[in-house]
1. Any residue in segment 87-110 that's more than 26 Å from Tyr15 (Cα to Cα): show its pairings with residues that are among the small types (Gly, Ala, Ser) at Cβ separation under 7 Å, as long as the two are six or more apart or on different chains.
2. Please verify whether Lys72 is farther than 11 Å from Leu16 by Cβ and open to solvent by 70 Å² or more (accessible area, probe 1.4 Å), treating the condition exactly as stated.
3. Answer yes if at least one residue in segment 21-40 is surrounded by fewer than 17 Cβ atoms within 10 Å (Cβ to Cβ) and within 28 Å of Lys102 (Cβ to Cβ), and no otherwise.
4. Within segment 2-20, which residues are open to solvent by 50 Å² or more (accessible area, probe 1.4 Å) and either touching a residue at least 60 places away in the same chain (Cβ under 8 Å) or at positive phi (or both)?
5. What residue, among those in segment 44-69 that are touching a Leu at 6+ places or on another chain (Cβ under 9 Å) and open to solvent by 10 Å² or more (accessible area, probe 1.4 Å), is modelled with the lowest pLDDT?
6. Does segment 88-118 hold any residues that are of a type in the set (A, V, I, L, M, F, W, C) and either modelled with pLDDT under 90 or surrounded by 11 or more Cβ atoms within 10 Å (Cβ to Cβ) (or both), and which are they?
7. Considering (1) under 12 Å from the mean Cα position of the chain (by Cα); (2) farther than 19 Å from Phe90 by Cα; (3) among the charged types (D, E, K, R), say which one Arg64 fails and leave the rest.
Amino acid sequence: MLAKYDGSNPSLPIYLAIDGDVYDVSSNRRTYGPGGSYHLMAGIDAARSFGTGCFRDHRTHDLRGLDEDEAKSVQHWKTFFKQKSDKYPFVGKVIHPPIDPKSPIPKHCKTQEGENANVQSDPHVRAGSGAGSHHGHEKQGPSNKRSDL
């Protein structure tokens with residue numbers, strides 16, 4: 001089970017999954033482990049949050065209902081981790097149970113002002129994040145990539 005690789009046990013590696021692809025992010029334990037700014041992404045496939053920037057409410061692999069920019073952001077981060085295989089090695093695939101198509105699509109977490117509602121309440125996310133951002137960093141889209149994660 002992916003959840004046991006969330007960094008809470010120092011003798012186990014830390015795994016992060018995005019759209020089924022699982023990466024070992026143990027080389028950056030300070031960031032992905034407990035107390036780290038990206039710990040919410042460890043031990044789970046939170047692909048949706050990579051697109052929406054809703055790091056607390058969208059910790060799911062359910063990508064239904066994403067808009068074009070959000071879908072591009074998910075793809076950007078999939079490519080990012082794939083290209084960082086020297087730092088974050090690919091370790092396998094997580095097999096999710098099928099999503100019931102009758103289940104509700106996760107509600108978007110943006111307020112009427114267009115701000116991410118989780119930014120204000122989540123201490124791990126700085127203001128200014130949103131679709132295309134990575135765990136609270138400044139907005140990063142497919143043409144504006146970070147290489148220091």
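1. Close Cβ pairs (under 7 Å, with a partner that is among the small types (Gly, Ala, Ser)) amount to Lys110/Ala117.
2. It is true that Lys72 is farther than 11 Å from Leu16 by Cβ and open to solvent by 70 Å² or more (accessible area, probe 1.4 Å).
3. The answer is no, given that none of the residues of segment 21-40 is surrounded by fewer than 17 Cβ atoms within 10 Å (Cβ to Cβ) and within 28 Å of Lys102 (Cβ to Cβ).
4. Asp19
5. Per the criteria, the residue is Arg56.
6. The answer is Phe90, Val91, Val94, Ile99, Ile105, Cys109, Ala117.
7. Among (1) under 12 Å from the mean Cα position of the chain (by Cα); (2) farther than 19 Å from Phe90 by Cα; (3) among the charged types (D, E, K, R), the lone unmet condition for Arg64 is (1).
The values are calculated or read from the model by the stated rules, or taken from the named source; none is laboratory data. A quick note: this is a predicted structure, and the numbers were derived from the prediction, not measured. For neighbour counting, all protein chains shown are included, and Cβ atoms are generated from backbone atoms with ideal geometry for every residue, glycine included. Remember, those area values only see protein heavy atoms, side chains included, never the ligands or the DNA or RNA. Shrake-Rupley method; radii C 1.70, N 1.55, O 1.52, S 1.80 Å.
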